[in-house]
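Reading through the structure tokens given below for one structure.
The values are calculated or read from the model by the stated rules, or taken from the named source; none is laboratory data. Note that the coordinates shown come from a computational prediction; the quantities given were computed from them, not determined experimentally. Backbone-built Cβ (ideal geometry, glycine too); neighbour counts: all protein chains shown.
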Amino acid sequence: YKRVTTKSLIEMKAHGEKISMLTAYDFTMAKIVDTAGVDVILVGDSASNVMAGHETTLPITLDQMIYHASSVVRATNRALVVVDLPFGSYQSDPKEALRSSIRIMKESGAHALKLEGGSEIKDSIKKILNAGIPVMGHLGLTPQSIYKFGSYTVRAKEEEEADKLIEDAKMLERVGCFGVVLEKIPAKLAQKVAESISIPVIGIGAGGGVDGQVLVIHDMLGMNNEFSPRFLRRYMNLYEGMTTAIGKYVEDVKSKDFPNEKEQY
Ligand code: KIV
Ligand code: NA
């Protein structure tokens with residue numbers, strides 16, 4: 001396989017080819033996602049919710065992100081692996097941001113990083129980029145700021161917030177980011193952003209007018225019955241499929257159907 005690079009993503013946008021991105025947090029899942037042909041694997045801090053069962057993304061640590069990221073990197077041949085800088089690992093100052101970034105790159109072997117925020121973290125983004133580390137931005141709904149927002153509803157519906165978002169996206173392009181994630185904003189605004197910058201805009205709940213899409217793998221496989229936002233398309237109902245399979249196993253053990261003559265030594 002030829003590895004997807006940050007350069008090839010920018011070329012894909014230029015050629016009008018949409019970019020596919022999914023999260024993964026472990027070796028087995030990442031191997032499946034990579035083999036299926038996904039362009040970008042995001043080791044998202046959504047691992048805090050999906051892997052660890054926390055209510056928000058805030059508790060996950062840098063060490064835990066590195067553990068997830070290194071597992072994913074070992075599984076991939078083709079996809080570009082992007083890792084989230086977790087809450088608390090980059091907000092203090094640019095030096096801390098660079099230190100955390102270097103740890104992820106060195107200890108996991110990841111190819112790029114993603115940080116939430118715009119103008120507030122501009123100096124940190126520049127510092128990381130100066131070290132030769134590719135950076136992806138993340139604007140709109142930024143879950144690390146959930147306690148500032150108060151809820152997970154659609155962002156940038158008002159003009160003031162929309163204008164700042166457009167300015168932030170242009171700034172991210174100007175300083176040298178290779179892409180931007182836009183989460184849960186009006187489709188019209190997201191398309192406007194995608195049309196005003198030449199780096200790829202990857203949307204989640206941001207409509208079809210952007211350059212690519214990202215979903216949390218457990219959500220799109222239907223492993224999680226409780227989470228049903230409008231933007232989510234479920235490609236499987238693994239919750240039901242797995243519950244049925246596991247229930248059958250329990251039944252077979254209890255009834256002594258498993259193991260049979262051929263399933264033993
Ligand atoms: O952590 C995550 O899964 C993300 C995506 C939803 C973009 O940041
Ligand atoms: Na994230």
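Data for the structure
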item	result
Single residue of region 46-74 satisfying the filter (within 19 Å of Thr142 (Cα to Cα) and not in a loop (DSSP other than H, G, I, E, B)) that is farthest from the chain's Cα centre (by Cα)	Leu62
Region 6-28, subset under 14 Å from the mean Cα position of the chain (by Cα) and farther than 28 Å from Gly209 by Cβ, residue farthest from ligand 2 (Cβ to nearest atom)	Asp26
Counted residues, region 1-56 - those being within 16 Å of Leu221 (Cα to Cα) and in contact with a helix residue (DSSP H, G or I) (Cβ under 8 Å, 6 or more places away or on another chain)	16
Unmet requirement for Gly132, which otherwise passes all of (1) more than 17 Å from the chain's Cα centre (by Cα); (2) of a type outside the set (Phe, Trp, Tyr); (3) more than 29 Å from Lys2 (Cα to Cα); (4) outside any helix (DSSP H, G or I)	(3)
Residues within region 111-120 that are farther than 19 Å from Ser71 by Cβ and either surrounded by fewer than 21 Cβ atoms within 10 Å (Cβ to Cβ) or touching a residue at least 40 places away in the same chain (Cβ under 8 Å) (or both), tallied	4
Long-range neighbours under 6 Å by Cβ, at least six apart or interchain, first residue modelled with pLDDT of 95 or more within region 84-110, second of a type in the set (Phe, Trp, Tyr) and within 15 Å of ligand 1 (Cβ to nearest atom)	Ala97/Tyr90; Ser100/Tyr90
Output for region 13-49, where each listed residue is in contact with a strand residue (DSSP E or B) (Cβ under 8 Å, 6 or more places away or on another chain), farther than 16 Å from Val82 by Cα and surrounded by fewer than 19 Cβ atoms within 10 Å (Cβ to Cβ)	Lys18
